[in-house]
1. I need two numbers for the stretch 509-610: Rg to one decimal and Dmax as a whole number, Cα atoms only, in Å.
2. Taking amide H positions as placed 1.01 Å from N in the peptide plane, with prolines and chain starts having none, which residues 5 or more places from THR28, or on another chain, fall under 5 Å of its amide H?
3. Bin all alpha-carbon pair distances of the stretch 451-581 at 10 Å intervals from 0 and give each bin's fraction as a whole percent.
4. Which links in LYS477/LYS500; LYS349/LYS742; LYS581/LYS611; LYS305/LYS349 stretch past 23 Å when you go from one Cα to the other?
5. How large is ³J(HN,Hα) for each residue in the stretch 470-485, as worked out from phi by the Karplus curve 6.51 cos²θ - 1.76 cosθ + 1.60 (θ = phi - 60°), to whole Hz, x for Gly and Pro?
6. Counting alpha carbon pairs within less than 8 Å and at least 6 residues apart, what relative contact order, in whole percent, applies to the chain?
7. Show me the three semi-axes of the equivalent ellipsoid for the stretch 97-159, from the C-alpha gyration tensor (sqrt of 5 times each eigenvalue), largest first, rounded to whole Å.
8. Once both axes come from the Cα atoms, what is the angle between helix 493-511 and the longest principal axis of the chain, in degrees from 0 to 90, rounded to 10?
Amino acid sequence: MLIVSCGKKSEQVTDLRPASCAFVSCVTTLANALIGVRPHVPGATERAQRVQLLANGVYAAGVGVSREIVSLPAPRILRIYDVETGESARPQAGVTGKVTLRLDSASVTSTEYLHVGQQAFELIVRQFVNVPGRPEVSMVIELQQTNSEVSEPRRLRLDYGIDTSAVNEYLGTFSQLTARHYDVERCECGRDGFSALLVTEEHRLCYDVNIQRLPTSTSVVKAWQHSDCGCTISTTFDFSTERHHRLVAQWQVRSRFAQSGLGMPAMAPNFSTIESEHLARWKNLWGNHNVSISANGDPVEIGMKYCIFQLLQHGIDSHYHPHGFISPARGLTSTYHSGSTFFDTELHKCIFWIWNDPRVARSMIDYRYNHIEKAIEFAMSTGFSGARYPEASNDRGSENGPHYILSYPHRALKREWSVEEVLHISADVCYALNRYWMATGDDAYMNFRGSRIAIECARFSASVFTWSNDKQAYVTKRIMGPDEYHYHVDNSFFTNYLLKWCLEFTLSLVDQGFIRDATISEIAHWRAIIKDVYLPWMNVDGVLIPEEFDGYAMLPETGLRLAKMSGPRFLNEREKESSEKLENFDTKLVKQADIILLMSLFPDDFSHEVKQAAFKFYEPRTVHESSLSHGPHAVVAADIGATEACALFITRASRYNLDFMPVTDYSNGLHLSAYAGAWQGLVEGLAGLRVDGNRLFFRPQLPGHWNSYRFALHFRGQQIRITVPANDVICIDSEGDKFPVKRHSDGRVYICGEPE
């Protein structure tokens, strides 16, 4: 079984069987900003072992895309067997192992029940990724005999080495087509460990592996080299002298930039010291970034802890990347999407980090700044001006989406239009930039880097629009908004609105003196576009609401999704099949409502009546097939006072992977932006967080079945802790001192001045 625990709370997520072990290994991935490592999972299948270790920045020429993040091998237990007979340890019949992810200690413990001959054994493996920000892993391995009545002495040997079964699957999901992007070039062995040189197309990585025999163990350790350039540390346990053996395996990955050549690993630091440092760091992280919900045991309690844990471990310390931090869509948990980053980084993950560690958000924006020349090249190559950031962007900032997808073994090709028709990414980058600036007041960054991003994105935005004599307005043609069920559309409301906003934002920077190289003719052209951008509206029950795109209102109606079911809300197999085939839907059915997303980004730009009518119309027509759908719905639901619906969407976003169905042969990876969306639903939705100049204000709400919720923010150099114990009540403090608050008649609660 898979168990997720935090403090005294725990939950059994799924059972442990061959079909679910890939899911279990993904959900329990341990990571920092440098590496993501899958833990030891009892009975792991070949498919589950294809992803073992991902390292930030290690990419190669891809299969189906220009570049993909490399699935690397990891040191792990290779085999346990009898020294005299060679008989391998096998799982005990009818006894299922378990894997426990402990969120508070950021560790995974796997328990497996084995037998060799008539003797039964319990194998316990506990693993954690060392912090702060070092590419190091510690693994405690315990093997004990459990049937003491069998007195036959036996010696077991445990082989620990590099498992070279790691490979990349086609687009991170097709198991029939694989590629291996590395080779183990050579190894050097020592008494208690080895170093191995692993080479990829662009990198030379050194693995340093060390085994520590703990004082209570009589084990014998020996490292030896394979004929195929692999290495193994072989440890022999003598069960005639003791029934419980324990050792520690420690390993690190270092690049040629950190230290050239091989060289035997130095004596590993004391394990107790490393573990103490690890636990202290995570205690501090939870203290600074804790988000908790008290809801009488509701699944959202563990769900929120889980999603915050995954966001923290993948993002903390990423600001140390010198050229900015690429945040892959699945983090360092899976090769799905080839390690590319998408607009959800700017609209969700970046927003989370703006309020939790602005340095991380700035590093994500730095990634865009440092690859702006690639965006300019991409714009020119596709007939536009300025900087066009790709829909899927790789580690070099280049366009990385598949234009065609091969359905193997049927050899059918599916056209992927998003790489050509998605045109809102540059505006999304500016949105994140503006949100960072509003929360931090970092004028220096805006002067130094932000202004360059803004002006080039504005130049691109202006080049997307063309004048329509028929509409007497500036329009866009043959594009795709965030809703991927409709493409080749004209005038996506979301896209037109974001591009228009990008121009307005850039002009505001011109007026404030941050941008000084915009020409008079450019400025005049931008103002003309802003004045006459075409935005389609439609009448629903007497209320004008934004229309998904021009002509959407004329499409045939679809069956309404009224049931509050989890997972994609397909009504029949035909809908599901159409989605899988990337077909252009001919009804009002949407994958994720662009309009709801837009209203969550600009909550003050639309009236309560419009938001309420839009939510009522679009939500029943939304499949929620995308993991990005739930967070924006949570924010807008809170805005219109639908707190119970908001709580439901927060739960689904926070538990998107914990509740993922089906779990069979899982390959998708963790959906980090869904987790950031859950945080946004809580903080920007229920708590109503907004920035008003140099002040913050809230409009707190509490769902009826919740008791309270808590979170922390970083604002203008201060850490602020917020507690909402009941409707219309909010407690705000910093370092234990309460802030005075001022309540307005419209429900807003402002922080006033300094803490008391």
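The values are calculated or read from the model by the stated rules, or taken from the named source; none is laboratory data. Quick caveat, the model's predicted, so the values are computed rather than measured. Cβ sites come from the backbone with ideal geometry, for glycine too, and all protein chains shown count toward neighbours. The protein model used for the area step is the full one, side chains on, heavy atoms only, and it has no ligands, DNA or RNA in it. Shrake-Rupley method; radii C 1.70, N 1.55, O 1.52, S 1.80 Å.
1. Rg then Dmax for the stretch 509-610, in Å: 19.4, 56.
2. HN-HN under 5 Å from THR28: empty list.
3. In whole percents, the pair-distance histogram is 11, 33, 28, 18, 9, 2.
4. LYS349/LYS742; LYS581/LYS611
5. With coefficients 6.51, -1.76 and 1.60, one gets 4, 8, 6, 7, 7, 10, 10, 10, 6, 10, 10, x, x, 6, 8, 8 Hz.
6. The normalised contact order for the chain reaches 11 percent.
7. 30, 13, 7
8. 80
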